[in-house]
Amino acid sequence: MTTPLIISPTDPIISHPDTVILDASWLYEPDPPTRDAYKEFLHGPRFPGARFWSLDDVSEPHPDGYALMLPSPERFARFAGEHGINQNSHVVVYDSEGIFSAPRTVWTFKKVTLIDGGLPRAKAEGVKLETGAPQEYKCLPLQHELLLIASRTAPLENGTVLIDARPAASYESGHIPTSLLFDFPEALLKDPAGYTYLREPEKLKKYFVERIGVEAANKVFSGESTVVNIKITGPNPL
């Protein structure tokens with residue numbers, strides 16, 4: 001089975017026996033919150049057989065209180081195993097907003113695919129979904145080796161380009177020196193049904209080059225995990 005990076009909600013890969021579907025929904029909510037991503041998952045609708053991947057729980061706690069940090073290899077392996085994921089699994093990820101939090105999870109797996117438009121697109125296109133209690137699954141041991149490309153304090157060598165994929169307002173309020181802005185929300189479109197999805201590949205590549213330039217686009221490191229995956233925009237597709 002091939003492993004495309006992006007698929008539609010109707011792709012047959014979703015029902016393949018080696019596929020593990022993760023609902024990686026995470027919401028920006030006021031205090032007190034008005035929505036709960038996990039409760040929405042439990043109630044449904046959701047993709048049949050989906051398992052909830054909590055970004056809050058998987059993320060590594062940080063002594064300075066930073067949220068949604070990349071998990072350690074040990075923490076990641078434990079959570080993956082608890083979700084029935086092993087080295088042979090093909091992980092397919094979606095979220096409840098279309099394209100929002102799912103890319104953070106996509107970035108942490110190797111054999112992985114993103115459902116463009118996520119759950120709301122599936123609803124709009126009449127995909128068969130499930131409600132009620134989620135299906136049970138078997139926990140599996142997993143050994144995972146994670147490579148950290150760079151950190152906030154590590155020097156960038158060999159002409160590496162650091163991309164900040166937060167919204168422009170966040171970038172302007174403070175960013176890592178030498179980082180270039182790639183305003184991720186601008187890479188998305190909004191369907192009349194209300195969900196977000198990725199621009200067409202050619203337009204997405206064109207936008208990427210316009211924002212950071214061809215030279216930078218050919219050597220890209222993303223410092224913000226909201227970027228879907230560097231495979232979408234470069235260097236090879238350019």
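The values are calculated or read from the model by the stated rules, or taken from the named source; none is laboratory data. Only a predicted model underlies this, so the values are computations on that prediction, with no experimental measurement involved. Heads up, the Cβs are rebuilt from the backbone with ideal geometry, glycines too, and the neighbour counts pull from every protein chain shown.
Structural remarks
- Which numbered condition SER96 fails, given (1) modelled with pLDDT of 95 or more; (2) among the polar types (S, T, N, Q); (3) assigned to a helix (DSSP H, G or I): (3)
- The listed residues are GLN135, GLN143, and the only one of them that is outside the structural domain of VAL106 (by TED's automatic domain parsing), in a loop (DSSP other than H, G, I, E, B) and modelled with pLDDT under 75 turns out to be GLN143.
- Any hit, the stretch 55-73, residues being within 17 Å of the chain's Cα centre (by Cα), under 17 Å from THR19 (Cα atoms) and outside the structural domain of ALA193 (by TED's automatic domain parsing): no
- Any hit, the stretch 31-43, residues being closer than 16 Å to VAL112 by Cβ, crowded, with 20+ Cβ neighbours inside 10 Å and in the same structural domain as ILE115 (by TED's automatic domain parsing): no
- Residues in the stretch 184-200 that are closer than 17 Å to SER25 by Cα and either in contact with a Lys or Arg (Cβ under 6 Å, 6 or more places away or on another chain) or assigned by TED's automatic domain parsing to the domain that holds PHE100 (or both): TYR195, THR196.
- Some residue of the stretch 75-82 being in a loop (DSSP other than H, G, I, E, B) and touching a Cys at 6+ places or on another chain (Cβ under 9 Å): no
- Restricting the stretch 190-215 to residues that are in contact with a Ser or Thr (Cβ under 7 Å, 6 or more places away or on another chain) and hydrophobic (A, V, I, L, M, F, W, C), the residue that is farthest from VAL93 (Cα to Cα): PHE208
- Note on the stretch 172-220: among residues that are hydroxyl-bearing (Ser, Thr, Tyr) and modelled with pLDDT under 80, the one that is surrounded by the fewest Cβ atoms within 10 Å (Cβ to Cβ) is THR178.
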